[in-house]
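To start, the structure itself, in structure tokens.
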Amino acid sequence: MAYEIKTASEDVSGSFQFNHIRLHRPYDAVLCLGIGPGDVLFNAWSKADIATSKAGHLVTMDKGSSATFKLTKRRDALRPIDEFEDCILELTSDLLS
């Protein structure tokens, strides 16, 4: 399994902006880590779910380009870090089946 790993700190509106998601790169899933005051949140989605907007709406990072995107997530769309192992095992199982 190959993961694209993205990190973001929480902005003033309570969201995390995961930048430079590139669909043309070879990976199976995107792992997003959100760093907030006093906690770490995360979520992971298959590349297919990212590409088809099932993981959320992608916004282009460069006007007129379709090479790099931003995925914005609110806190309630992320999971507490203590669920990390279960989430990764479930995603890996889904992708390998």
Next on the checklist: Could you compute the longest span of the chain free of trypsin sites (Lys or Arg not before Pro) located in DSSP loops and having at most 14 other Cβ atoms within 10 Å, not counting the site residues?
Outcome noted: 64-97
Next on the checklist: Quick check for you: which residues of the range 62-96 have the amide N under 12 Å from the point 7 Å beyond the Cα of Asn19 toward its beta carbon?
Outcome noted: 62, 69-71
Item to check | Among Ala67, Ala55, Ala29: highest mean-square fluctuation, GNM of the chain, C-alpha pairs under 10 Å | outcome: Ala67
Checklist entry - Among the DSSP beta bridges whose two residues both lie in the chain, what percent are antiparallel, rounded to the nearest 5? => result 75 percent
Checklist entry - Relative contact order for the range 1-81 using alpha-carbon pairs under 8 Å, separation at least 6, rounded to a whole percent? => result 33 percent
Item to check | Hydrodynamic radius of the range 3-96 per Kirkwood, over alpha carbon pairs, in Å | outcome: 13.6 Å
Checklist entry - By the scheme Lys and Arg +1, Asp and Glu -1, what is the net charge of all other residues having a beta-carbon under 10 Å from that of Leu23? => result +2
Checklist entry - Between Asp86, Asp28, Asp49, which gets the highest mean-square fluctuation from a Gaussian network model of the chain, Cα cutoff 10 Å? => result Asp86
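Quick note: the coordinates plus some simple rules give every number you see, no bench work behind them. This one's a predicted model, so the numbers in the text were calculated from it and none came from an experiment. Cβ: placed from backbone, ideal geometry, glycine included. Neighbour counts: every protein chain shown.
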